1. Does the range 81-116 hold any residues that are of a type in the set (A, V, I, L, M), closer than 15 Å to VAL46 by Cβ and outside any loop (DSSP other than H, G, I, E, B), and which are they?
2. Take the residues in the range 84-127 that are aliphatic (A, V, I, L, M) and under 11 Å from the mean Cα position of the chain (by Cα), then tell me which one is nearest to SER74 (Cα to Cα).
3. Being outside any loop (DSSP other than H, G, I, E, B) and farther than 18 Å from ILE106 by Cα is the filter here; which residues of the range 27-53 pass it?
4. Sort out which residues of the range 25-81 are polar (S, T, N, Q) and under 20 Å from PRO117 (Cα atoms), and write them in order of number.
5. Among residues belonging to the range 70-127 that are of a type in the set (Gly, Ala, Ser) and without any contact (Cβ under 8 Å) to a residue 40 or more places away in the chain, point out the one that is surrounded by the most Cβ atoms within 10 Å (Cβ to Cβ).
6. Can you pull out the residues in the range 37-54 that are at pLDDT below 95 and of a type outside the set (Lys, Arg)?
7. Could we say that ASP66 is acidic (Asp, Glu), outside any loop (DSSP other than H, G, I, E, B), at pLDDT 90 or above and out of contact with any helix residue (DSSP H, G or I) (no Cβ under 6 Å at 6 or more places or on another chain) here?
Amino acid sequence: MRRAAPPELAYLIDDLFDRIVLFENRAMSATARKLDDKRYEVTLRVRAKKLRADDLGAETEVTLDDLIDIGVMSGDTTLYLAKHRLKAGDNELKLVVEGRPTRAGIDPLNKLIDRTPADNTTSVELD
């Protein structure tokens, strides 16, 4: 018997267990500006798309209003990793991190089934 999920995550249970769901997530750009000694403001632009496939493999784009990981890294160190509610299409996020960021993106740990996971992160350009 399945345990009831919190209402804001009910869609996730259906997506993981009852449906075939694919994503087309992409980090479009990431820029950062230095704030003070160790902090940077990162502006990240991502594009997200959610598809559902039927039993025969026919895909249909569906509404995206999901919590998806957003991450900012400095080399092998994670400076920021948190879920953000994203809509389909282009999304812009502003994040403050401690440390100089080098990469940022959407679903950076590739938890979601994505056709092209290599484009989920991008290099951060410093202003």
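1. Hits for the range 81-116 are LEU81, ALA82, LEU86, LEU93, LEU95, ALA104, ILE106.
2. ALA104
3. Matches in the range 27-53: ARG33, LYS34, ARG39, TYR40, ARG52, ALA53.
4. ASN25, SER29, THR60, SER74, THR77, THR78
5. Taking the candidates together, the pick is SER74.
6. ASP37, ALA53, ASP54
7. For ASP66, the condition - acidic (Asp, Glu), outside any loop (DSSP other than H, G, I, E, B), at pLDDT 90 or above and out of contact with any helix residue (DSSP H, G or I) (no Cβ under 6 Å at 6 or more places or on another chain) - is met.
The values are calculated or read from the model by the stated rules, or taken from the named source; none is laboratory data. Being a predicted model, the structure only gives us computed values, none of them experimental. Note that each Cβ is placed from the backbone with ideal geometry, even for glycine, and that neighbours are counted across all protein chains shown.
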